[in-house]
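The values are calculated or read from the model by the stated rules, or taken from the named source; none is laboratory data. From a predicted model like this one, the values you see are computed outputs, not experimental measurements. Counting neighbours? That spans all protein chains shown, and the Cβs are built from the backbone with ideal geometry, glycine included.
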Amino acid sequence: MTNVHVLSLHTSAAPSADFPRRHTIRPSPLLWGATAAFVAVAAGSVFQCAAAYAGPFSACMAALTVTAVLVASARGGERRRPVAFEIGQHGVTTWDRAGNAQYRRIAGCAQWSDRLLALILVPAKGRPVPFLVAADALANASAFRELAVRARRCAQEHL
């Protein structure tokens, strides 16, 4: 390896202006599509079960009720989801919509290919909370990779 290659490796590893430490999270089309598919399957299942016992009109009402409840729940979950995060040494700092920051330690990690990362975050006080990060929700693909590597390392420390 020449000195030019070594220099380029050191400069690429250092944080720069084009690689911010705080990353924003956009709504993920992948997660919204999966949620919509789940709602459709659940509503269809309720309709099929209720139609056998109560008739098609009652089954439609039950399916619409289930659809409304699941959509409201999904919207509530989206509002509670953090809008930004910053990767720390042993955890992640997350920001909610009001701008409140909270540092949480990473206790568990599961990764599905290069598409979805599921983390278990433990705050200083309180219960562990799940944190789903889809790759298409981040503007920077390298942020997803960095978070995945950090999460695997932190999760292995807790085993």
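Reported count of residues in the stretch 88-115, each being more than 14 Å from the chain's Cα centre (by Cα) and not polar (S, T, N, Q), is 11. Of H10, H23, all but one fail to be of a type outside the set (A, V, I, L, M, F, W, C), surrounded by 12 or more Cβ atoms within 10 Å (Cβ to Cβ), outside the structural domain of A124 (by TED's automatic domain parsing) and modelled with pLDDT under 90; the exception is H23.
Select from the stretch 33-52 the residues that are within 20 Å of S73 (Cα to Cα) and touching a helix residue (DSSP H, G or I) at 6+ places or on another chain (Cβ under 8 Å) and list them in ascending order. Write out each step before concluding.
Taking the stretch 33-52 as the starting set, the residues that turn out to be within 20 Å of S73 (Cα to Cα) are 33-47.
Selection gives T35, F38, V39, A42, A43, G44, V46, F47.
Keeping to the stretch 123-157, report how many residues are more than 20 Å from R80 (Cα to Cα) and basic (K, R).
Total meeting the criteria: 4.
Checking V92 against (1) outside the structural domain of F144 (by TED's automatic domain parsing); (2) among the aliphatic types (A, V, I, L, M); (3) in contact with a helix residue (DSSP H, G or I) (Cβ under 8 Å, 6 or more places away or on another chain), which test does it fail? (1) is the only condition that V92 fails.
Might you let me know whether the stretch 41-55 holds any residue that is over 30 Å from R145 (Cα atoms), of a type in the set (F, W, Y), modelled with pLDDT of 95 or more and surrounded by fewer than 11 Cβ atoms within 10 Å (Cβ to Cβ)?
For the stretch 41-55, residues over 30 Å from R145 (Cα atoms), of a type in the set (F, W, Y), modelled with pLDDT of 95 or more and surrounded by fewer than 11 Cβ atoms within 10 Å (Cβ to Cβ): absent.
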